[in-house]
Amino acid sequence: MLCNCCEMENNTFGENEAKADLKDYRKRGPANQTKLILEAVRLLGLRDASLLDVGGGIGAIHHELLNDVASEATHVDASSAYLKIATEEAKRLGHSEQVKFIHADFTDVADELPQVDVVTLDRVVCCYPNFRALLKAASLKSRRAVVMTYPREEWYIKAVMSIMNFFQRLRNDPFRGFVHPVHEMETLLNGEGLRKISVKRLFVWEMALYQRMG
Ligand SMILES: C[S@@+](CC[C@H](N)C(=O)[O-])C[C@H]1O[C@@H](n2cnc3c(N)ncnc32)[C@H](O)[C@@H]1O
């Protein structure tokens with residue numbers, strides 16, 4: 001039986017969205033906020049790194065990083081449609097042997113996964129109500145760094161998110177978007193031994209690179 005999160009994500013991130021995202025990726029490459037994550041991971045100067053991409057969507061992060069800094073990746077996603085597209089694209093790129101795909105709510109399966117060098121969450125915390133459980137699990141899996149993007153905590157983003165959630169309610173769709181408090185996310189990750197060493201901002205998205213200290 002699927003978790004509630006998977007059922008919800010399957011509805012929200014379905015086949016049409018996955019196909020459209022893949023089309024964009026093939027045409028234009030990674031989205032701007034994803035490029036910030038890729039740049040941050042590359043700046044860590046790792047070689048043959050292991051990755052865990054939580055909510056990786058069509059898999060742009062591992063498609064790209066397996067070309068240079070990474071040698072293996074795990075992609076955990078609550079959407080089966082995104083996973084299917086990501087799996088096909090990994091095969092097309094010759095990365096099938098290097099990527100493990102898992103269909104699950106990450107917080108449900110995190111305990112069973114091995115530690116990796118870098119955990120990425122690109123536009124994922126904003127889809128999940130319990131950011132503490134998500135980030136705590138992500139930090140426990142990361143030996144070197146957690147890199148993520150999330151909506152900026154600005155009034156105009158909160159206003160748009162409220163309007164989107166209002167229409168979700170009208171449609172009786174249980175999926176909600178979240179602008180989680182950046183300071184609380186940082187406090188939690190600091191408590192897990194990670195320090196924010198880089199932040200980059202776009203109009204909507206913020207990228208933060210947290211590195212393990214000591
Ligand atoms: C907005 S999409 C982002 C996809 C991709 N990272 C990108 O930026 O294009 C959010 C993704 O996170 C996944 N997701 C959300 N919460 C999750 C969770 N708790 N465990 C695993 N995947 C999750 C969704 O299924 C979806 O694929």
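The values are calculated or read from the model by the stated rules, or taken from the named source; none is laboratory data. Because the structure is predicted, anything quoted here is derived from the model rather than measured. All Cβ positions, even for glycine, are placed from backbone atoms using ideal geometry, and neighbour counts span all protein chains on display. Quick note on the areas: whole protein, heavy atoms, side chains included, nothing else; ligands and nucleic acids left out. Shrake-Rupley method; radii C 1.70, N 1.55, O 1.52, S 1.80 Å.
For the chain, what number of Lys pairs, 8 or more residues apart or on separate chains, have alpha-carbon atoms under 13 Å from each other?
Summing the qualifying lysine pairs gives 5.
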**Message:** Taking 4 °C and 1.567 mPa s as the conditions, I'd like the Stokes-Einstein D for the range 55-214 in µm²/s, using the Kirkwood hydrodynamic radius from alpha carbon pairs.
**Reply:** 78 µm²/s
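Can you send over the carbon and sulfur percentage of the accessible area for the range 151-190, probe radius 1.4 Å, protein chains only? Spell out each step's value before the answer.
Working: 1590 of 2550 Å².
The value for the range 151-190 is 62 percent carbon and sulfur by accessible area.
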**Request:** Using +1 at the Cβ of each Lys and Arg and -1 at the Cβ of each Asp and Glu in the chain, identify which of M161, G14, L52 lies farthest towards the dipole's positive end.
**Result:** M161
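How large is the dipole of the range 88-199 about the Cα centre if only Lys and Arg carry +1 and Asp and Glu carry -1, each at its Cβ, rounded to the nearest 20 debye? Each step should come with its number before you reach the end.
Details: 16 positive and 15 negative charges, 48 e Å.
In total the dipole reaches around 240 debye.
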**Message:** Let me check I've understood the local charge: for K200, count other residues with C-beta under 12 angstrom from its C-beta, Lys and Arg +1, Asp and Glu -1. What total comes out?
**Reply:** +2
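May I ask you to order 155-164, 203-212 by the average number of other C-beta atoms within 10 Å around their residues, highest value first?
Values: 155-164: 12.7, 203-212: 19.7.
My ranking of the peptides, most packed first, is 203-212, 155-164.
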**Request:** Quick one, can you get me the convex hull of the C-alpha atoms of the range 1-53 expressed as volume per residue in Å³?
**Result:** 129 Å³
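Which order do Y25, Y150 take when ranked by solvent-accessible area (1.4 Å probe, heavy atoms of all protein chains), largest first?
Y25, Y150
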**Request:** Among DSSP beta bridges whose residues both lie in the chain, state the antiparallel percentage, nearest 5.
**Result:** 40 percent
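At 1.4 Å probe size, with every protein chain present, just tell me what the per residue accessible area of the chain comes to in Å². Mind showing how you got there, number by number?
Details: 10760 Å² over 214 residues.
So the chain comes to 50 Å² accessible per residue, rounded to a whole number.
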**Asked** Mind listing which trypsin sites (Lys or Arg not before Pro) in the range 29-135 are in a DSSP loop and have 15 or fewer other Cβ atoms within 10 Å?
**Response** R47
**Asked** What percent of all Cα-Cα pairs in the range 3-149 falls in each 5 Å bin, counting up from 0?
**Response** 2, 10, 22, 25, 23, 14, 4, 0
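Kindly provide the Kirkwood hydrodynamic radius of the range 133-214 in Å, to one decimal, from all pairs of distinct alpha carbon atoms.
Evaluated over the range 133-214, this radius sits at 14.0 Å.
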